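The values are calculated or read from the model by the stated rules, or taken from the named source; none is laboratory data. This one's a predicted model, so the numbers in the text were calculated from it and none came from an experiment. A quick note on method: Cβ atoms are made from the backbone with ideal geometry, for glycine too, and the neighbour counts reach across all protein chains shown. Each accessible area value is taken on the protein alone, full model and side chains, heavy atoms only, with ligands, DNA and RNA left out. Shrake-Rupley method; radii C 1.70, N 1.55, O 1.52, S 1.80 Å.
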Amino acid sequence: MTGRYHLPAGSAADGPYDLLVTPESAGWGHSGLRTLSLGPGEAHALTTDDCEFLVLPLTGSCTVTVAGRNFELDGRRDVFASVTDFAYLPSESEALISSAQGGLFALPNARTGRGSLPARYGRKEDVPVELRGAGACSRQVNNYCLPGTFDAERLLVCEVLTPGGNWSSYPPHKHDRARPGEESELEEIYYFQIADGKNGFGYQRVHGTEDRPIDVLAEVRSGDAVLIPHGWHGPSVAAPGYDLYYLNVMAGPGQDRAWLICDDPAHGWVRSTWDTQDVDDRLPFGEPS
């Protein structure tokens, strides 16, 4: 099954996009992701149709023009250097993304139909940065667009940065059933970057339940994506010497925008071991926001 859900860099390129994942191409209903490379002075016209979008610089800065407004996004050297400004685009919008110096930009999106929220600018200074886990499970989470951090119709977006040799997205967890107060139904995309983009690598594991099997063990490199329609996902393994980044994009059918997970019962006990360990002193990455 790995081939169906693991998209190596370039294998899902289309037109101007280095990566194009739509609900149709993924075989589900809500989550999508595009990555866009712009050269110095280049611009890209984006029509959001029935989806809401973020414009999230991975490298470089850009200007987003939408609804008669210009949002100047102060980006970053790379994903390990700092958090970044971002922009929110509602459905049924026409936007222009332009970059004087060029860069790489993520465009996470979710199908919403007609939305009620306006286009907005997100300041890097307002992005909550969280250190999770401890010991070899230490990682950093940049919470861009989650319940309680930034309003959206359905879209949920965060970044996870894992020092080389550590495991993140662990214990394995899932969110594929609607159980009020316990678990939400969300489709998820992982998009990866490695600090050494030439040689670096990591691993992503996804396994299913008895009634909904899925079996993925993928070696991931910069520009790869992994689709997670259901099942337990994790660990995300950073090979020693190679810091690992991934962008998480989630959306689902629930009317309440929530991120509720449950741990794989075989491995959930690992969380209790963190109480006696320190957070990895290589964290946080880069400059504080």
On the protein heavy atoms, probe 1.4 angstrom, tell me the percent of accessible surface of the range 142-202 carried by carbon and sulfur.
44 percent
Give me the 1.4 Å probe accessible area per residue for the chain, excluding ligands and nucleic acids, in Å².
42 Å²
Short version: ³J(HN,Hα) in whole Hz for each residue of the range 88-94, in order, from phi by Karplus 6.51 cos²θ - 1.76 cosθ + 1.60 (θ = phi - 60°), x for Gly and Pro, what are they?
10, 10, x, 4, 6, 10, 10
Starting from the amide H of VAL279, placed 1.01 Å from N in the peptide plane, find each other amide H under 5 Å away whose residue is 5 or more places distant or on another chain.
GLY135
Just to check I understand the Karplus step: with θ = phi - 60° and J = 6.51 cos²θ - 1.76 cosθ + 1.60, what whole-Hz values come out for the range 168-180, glycine and proline as x?
10, 6, 9, x, x, 9, 9, 8, 10, 9, 7, 10, x
Over the chain, what relative contact order in percent results from Cα pairs under 8 Å that are six or more residues apart?
21 percent
Quick one: 3J(HN,Hα) in Hz for the range 60-73, Karplus 6.51/-1.76/1.60 with θ = phi - 60°, rounded, Gly and Pro as x.
x, 10, 7, 10, 10, 10, 8, 6, x, 10, 10, 9, 8, 9
At a threshold of 8 angstrom on Cα-Cα distance, excluding pairs fewer than six apart, so keeping six or more, what relative contact order does the range 142-256 reach in percent?
38 percent
Students sometimes get this wrong: rank ARG76, ARG69 by accessible area, probe 1.4 Å, all chains present, largest first.
ARG69, ARG76
Residues listed by number, the range 258-289, amide nitrogen under 12 Å from ALA134 label point at 7 Å toward C-beta:
271-280
With every protein chain in place, the accessible area of ARG111 for a 1.4 Å probe, in Å² rounded to the nearest 10, comes to 60 Å²
Please work out the Cα center distance from the range 67-139 to the range 216-247, rounded to the nearest Å.
21 Å
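For n ≥ 4 DSSP H runs only, could you compute -39500 (n - 2.57) per run for the chain, divide by its residues and tell me the 222 nm figure to the nearest 500?
Rounded to the nearest 500, the figure is -500 deg cm²/dmol.
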5 angstrom amide H check on THR149, placed H, neighbours 5+ away
none
Please work out how much accessible surface HIS30 shows to a 1.4 Å probe, ignoring ligands, DNA and RNA, in Å² rounded to 10.
40 Å²
